[in-house]
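Let me begin by presenting the structure, written as structure tokens, before commenting on it.
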Amino acid sequence: MRLTLGSPSALKQKAPLVVLMVSDGKASFPAGDLHQQASKLLKSKTFKGKAAETLVLHATSAAGPRALLLIGMGKAKEITSDLVRRAGLIAGAEGAKLGAKKVVLGAVGAWSLDAASLSALGEGLVLSSYRYTVKKPDTKAPSEAVIISGMKGAAAVLKTAKAVSEGTNLARELGDLPGNIADPDHLRSTARKVCTAGKLRFKSYDNAALKRMKMGGILAVNQGSDKPAYLIEMEYAPARYKHTICIVGKGLTFDAGGISLKPASGMEEMKYDMCGGAATIGLMKAIAATKPKGVRVIGIVGTTENLQNGSAYKPGDVVTTGSGKTIEVINTDAEGRVVLADAIHLATKFKPEAIIDMATLTGAIVVALGHEAAGLFSKDDKLVERLQKASKNTDEKLWHMPSYPAYDEKVKSKWADIRNSAGREAGSCTAAAFLYNFSGGIPHAHLDVAGAAWEMASRNNFPGGASGFGVRLLHNALCNW
Ligand code: BES
Ligand code: MN
Ligand code: ZN
């Protein structure tokens, strides 16, 4: 979807759909039949303008817009960027429903778009254009959205909003695709395409390379699968940079649990177990498009399936990771951390200033936070603060979870350096404690996105499925580094 800028007169002109955002239940409507009808409906309180309330009017005369969509924004003083993003989602969906190729949007109350709300509106619009394509989509997204704004720097704001949302949509697509389509080869080829198109360095390590590198963690998990495993590396490096940051994503394209098999009910949802990896690829796409200054970004994805066959790794096995540290396998379903052990170790080789991993790591974080927020784990206060700031800027919510030394004790093993499960208690916290062992003392944040990365039900006009969580958040964090 193209995002362009227009002047207020565009609201009166002929267009398939004009969208008016109405705040405080008051608006000054442009001239024209439809607008006058809308004005009456607002005066009579048929449409009150409550937050996210909508009303569609269709034209009977030939002049002016063919259809008018009013979106209530509630009280001007209380408008959040979340609500504005939602207005973009509503507008895009309504445009698609009407088969409109073009949508023109403007705020007609006392409230007007500032940089943050313009960004959110653009994001919502582009997010609304995502389609899952395995099944033929019911509607086609509008190809252009014209936003009425005379704000200085508006074009640049929209350019970033579009790039970040397209990266998010790529992450959503990878997440929603089933495990037989979005398999490790698919993740690798998608990452390669992103790198070729965006002029990023691409490298992937296949099973033979992983063996040479002694990456015994990812290889152990991969033993139960007939498909290959990869560590994927994507690098954005501007000519001059001050900071190197590594982003690491868990890319389990399907997680059956392995020998510690998961229950059948709901197992199909484990196609989403690559959402951390998908967000890493989507983020690199956004980074390639926006080219932030002064920061070098390396995206690393560890990808394999976790299945079971006669060669599958087993409880009790002790595996040696690329770092040289050994892991006792207690539960083969705690596979994400075993893969990440090697992916994070690879990240340390770049001597980055920070490592941030995104992983659908534990069911426990879904129990704790639901789909509202990702768990944020880190022992580095500065890094926590950075990420919390980015979270405020982007509405991708983080909840800071504890990293007490007691959790480090719980993942110690009698038979190896560390064990991959310490049982149900504090399951998300001990998972984070496990990961810290592989970041070699480099400031490390772990985002457990098991809930935030996807949700079956639709919510606040966002359809059910993968959310692409993390792309917007980390793009913002990296741009402000
Ligand atoms: N991929 C799962 C975590 C998960 C569960 C993500 C539900 C999304 C929804 C992960 O690999 C896993 O199975 N974790 C286990 C760890 C346990 C065996 C220590 C879990 O959370 O039960
Ligand atoms: Mn698992
Ligand atoms: Zn998993």
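Just a few scattered comments:
- A single member of Lys412, Lys349, Lys382 is within 16 Å of ligand 1 (Cβ to nearest atom), more than 21 Å from Gly257 (Cβ to Cβ) and open to solvent by 60 Å² or more (accessible area, probe 1.4 Å), and it is Lys412.
- Pairs with Cβ under 7 Å, 6+ apart, first in the stretch 363-392 and closer than 26 Å to Asn331 by Cβ, second at pLDDT 95 or above and among the hydroxyl-bearing types (Ser, Thr, Tyr): Ala364/Ser428; Ile365/Ser428; Ala368/Ser428; Gly375/Ser428; Phe377/Ser403; Ser378/Ser403; Lys379/Ser403; Lys379/Tyr436
- A Cβ distance below 6 Å, combined with a sequence gap of six or more or placement on separate chains, defines the contacts here; from the stretch 47-69, residues that are at positive phi reach residues that are assigned to a strand (DSSP E or B) in the pairs Gly49/Val22; Gly49/Gly72.
- Picking from residues in the stretch 13-58 that are part of a loop (DSSP other than H, G, I, E, B) and within 16 Å of Ile147 (Cβ to Cβ), the one that is most open to solvent (accessible area, probe 1.4 Å) is Gln13.
- Each residue in the stretch 352-366 was checked for being surrounded by fewer than 24 Cβ atoms within 10 Å (Cβ to Cβ) and charged (D, E, K, R), and 1 of them qualify.
- Any hit, the stretch 260-282, residues being farther than 20 Å from Trp454 by Cα and open to solvent by less than 10 Å² (accessible area, probe 1.4 Å): no
- Annotation note: of Lys262, Lys285, the sole residue that is more than 10 Å from ligand 1 (Cβ to nearest atom), of a type in the set (Lys, Arg) and either without any contact (Cβ under 8 Å) to a residue 40 or more places away in the chain or in the same structural domain as Thr362 (by TED's automatic domain parsing) (or both) is Lys285.
- Counting only residues that are in contact with a strand residue (DSSP E or B) (Cβ under 8 Å, 6 or more places away or on another chain), over 20 Å from Lys412 (Cβ atoms) and within 16 Å of ligand 3 (Cβ to nearest atom), the stretch 343-383 holds 8 of them.
- When Ala453, Ala432 are checked against the criterion of being of a type in the set (Gly, Ala, Ser), touching a Cys at 6+ places or on another chain (Cβ under 7 Å) and open to solvent by less than 10 Å² (accessible area, probe 1.4 Å), Ala453 stands alone in meeting it.
- Among the candidates Lys140, Lys162, the residue that is touching a residue at least 60 places away in the same chain (Cβ under 8 Å) and of a type in the set (D, E, K, R) is uniquely Lys162.
- Hits in the stretch 250-307 - residues which are within 15 Å of ligand 3 (Cβ to nearest atom), within 19 Å of Tyr205 (Cβ to Cβ) and polar (S, T, N, Q): Thr253, Thr303, Thr304, Asn306
The values are calculated or read from the model by the stated rules, or taken from the named source; none is laboratory data. Since this is a predicted model, take the numbers as computed values, not measurements. No Cβ is skipped: glycine too gets one built from the backbone with ideal geometry, and neighbour counts run over all protein chains shown. Ligands, DNA and RNA are excluded from the accessible area calculation, which covers all protein heavy atoms including side chains. Shrake-Rupley method; radii C 1.70, N 1.55, O 1.52, S 1.80 Å.
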